[in-house]
Amino acid sequence: MQPTGIGMIPGDMIMQTVRHGSVQLPTKQRGIVLLLGLLLLLTLTVLGISGFQNAHLQERSASNARMQSMAFEAASAGAANSRGFFQAQKAGTPDDQCGAFDHEGWDNPTDWVSMGTVGNATLKQRMYCLADAYPCGAGETCAETRPGRSQLFVLSRGEVASGGQIVAQRDIEVRLKVNGQAGLPTGDGCGAICLPSCEPGEDMVFPNSNAFRVDGGGGPAITGGCDEMTTAIDDAIRDNRIGNYIGGIATSAPGAPWDTPENVDAFSNNLSAYAQYEQGISGNCQTLCYHDGDYSDMGNNTYGTNADPQITYIDGNASFGGNITGAGILFVVGDLNWNGTPNFNGLIVTLGGTFMIDGGGNGGDFGGSVVILGTDGAAGAFVDSQFNNNGGGTGDYIYNCEALLAARDMVDAAGYLNDAQGNPMWAPDCDESGSGTPWEVEPEDVGIASWRENVGWREEFYGSD
């Protein structure tokens, strides 16, 4: 007969005591329980510290974002007042030829001018005139050509300080130009790639390659004729590739001849007549000037050179290989398919509504403006327009005002630029001929041409200050 409340289980050697409802464990098991408790406590401590650090990092991140936002708001306020800053400073600047042709710009920018505070941030501004060649050191002449007219910029910098140190800084650069005046040609409103209608196509696709770049040359990289078009363009570009579109995507009211179907038709007829005239003169076309119907060239032919640009008019669809080179105007009444990137300088137009890149090829350099505009001649209306791509590859599309002005002058010299009233039917958006410099016109005639957030692009001119 065993004593009441005490039991012995052979083999396990576990002693149980029912006194006061407690269980006493052997020493070895009590040590394991203690160890597990310490491990659990350590785990909870690590989790607590980690959570605290994460909360601290989130707090710092939110603080940094808030300070960057304040700096950006200050810089934006300065950008909005760029014209006012120029008017206040122009009397004290040494060079009133900024904005003239063949002007090399200033070697140095003006000093920073403190403009006070905007909220909790400070604002300072400076302005400078840059020659249209880059990248450059101060006073150097560069190999990569840009327009022959120097350009005026106002830089606005917002800063947030803490403990005597600048902890947030944002720069916004605005380019000022003289607005169009009566009797002077007005630009066509186009960037390096231009879809001037309000009829976006359903198959809008831009390359996914990081080596595909579009540079607006100081203006927008891509322009659309209305917000609906620019939204469709933006949706077709991958978020992590938007940085390859230097100058961004902008809504720009189209100028002549892309503003109405009637103007497009009249300009097309003029160029058709010009091309047929040139085609009839032996030796005036390096490959061809006019083709009636669809056309394909997968060879390595030349359609004009920079020294001798030509008109190429195709009254149908066109397909070209990646080794094609040319300069002047390539005008296609139908769709245009390019296997690679066109090595072409000047104006490319497709009225079929689709500009197709069939793969990226091995790279190429386009300098000028590509106009993609779907037209229905019978209905007298604009129809779907789209940039389409079925591959990656490499290539640069760079707005080249010099090449566009050369194309315009080529048509003008031949007598096919003006309409029946003697008015120019087309001028590139960078054409400001005869309009004077910002110093020479009334304040209301100076406008904002473009803006960009400056993240170091100008450092190659003036250092990092």
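Taken together, the values in this text are just the output of simple stated rules run on the coordinates, not laboratory data. The shown structure was predicted, so the numbers you read here are calculated from the model rather than taken from an experiment. All Cβ positions, even for glycine, are placed from backbone atoms using ideal geometry, and neighbour counts span all protein chains on display.
Within the stretch 57-84, the set of residues being surrounded by 13 or more Cβ atoms within 10 Å (Cβ to Cβ) and among the hydrophobic types (A, V, I, L, M, F, W, C) comprises Met67, Met70, Ala71, Phe72, Ala74, Ala75, Ala77, Ala79, Ala80. Residue selection: Thr341 satisfies the criterion of being hydroxyl-bearing (Ser, Thr, Tyr) and assigned to a loop (DSSP other than H, G, I, E, B). Selection of the stretch 228-274 for residues being part of a loop (DSSP other than H, G, I, E, B) and either among the charged types (D, E, K, R) or over 25 Å from Gly217 (Cα atoms) (or both) yields Arg238, Asp259, Thr260. In the stretch 156-178, the qualifying residues are those that are of a type in the set (Gly, Ala, Ser) and surrounded by fewer than 20 Cβ atoms within 10 Å (Cβ to Cβ), and the one that is nearest to Tyr128 (Cα to Cα) is Ala161.
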